[in-house]
Amino acid sequence: MSITLDKIIEEVRQLPPDEQRQLREKLNAIVHSQPSEAELEDAFERELAAEGFISEAKPRITDFSPYRDYKPIEVSGQPISEMIIEERR
């Protein structure tokens, strides 16, 4: 811990119980009022949509079951990546 934090903790220990409770309530309010990372990302996407950088801010995927059972389709012939490279030559 830093020296400053140690000093703060020592000062808090010297406070009367009622003031310690008030401090705890204020600290909890500060911690819980900060937005989560997901909330910040959602707000950023809404802002991008409002500015016209993206057409819409789609909701997050919460059900991943369709992706867990995903099985790629097997195709015959040359891989598409090789076809693209040949066409660009």
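The values are calculated or read from the model by the stated rules, or taken from the named source; none is laboratory data. All of these numbers come straight from a predicted model, not from anything done at the bench. Every residue, glycine among them, receives a Cβ derived from its backbone with ideal geometry; neighbour counts consider all protein chains shown.
Against the condition out of contact with any His (no Cβ under 8 Å at 6 or more places or on another chain), at pLDDT 85 or above, part of a loop (DSSP other than H, G, I, E, B) and of a type in the set (Asp, Glu), how does Glu25 come out, does it pass? I'd like the intermediate steps shown before the answer.
Working: out of contact with any His (no Cβ under 8 Å at 6 or more places or on another chain): yes; at pLDDT 85 or above: yes; part of a loop (DSSP other than H, G, I, E, B): no; of a type in the set (Asp, Glu): yes.
No; evaluated as a whole, the condition is false for this residue.
Filter region 42-74 down to residues that are among the polar types (S, T, N, Q) and not in a helix (DSSP H, G or I) and give me whichever is surrounded by the fewest Cβ atoms within 10 Å (Cβ to Cβ).
Out of the qualifying residues, it is Thr62.
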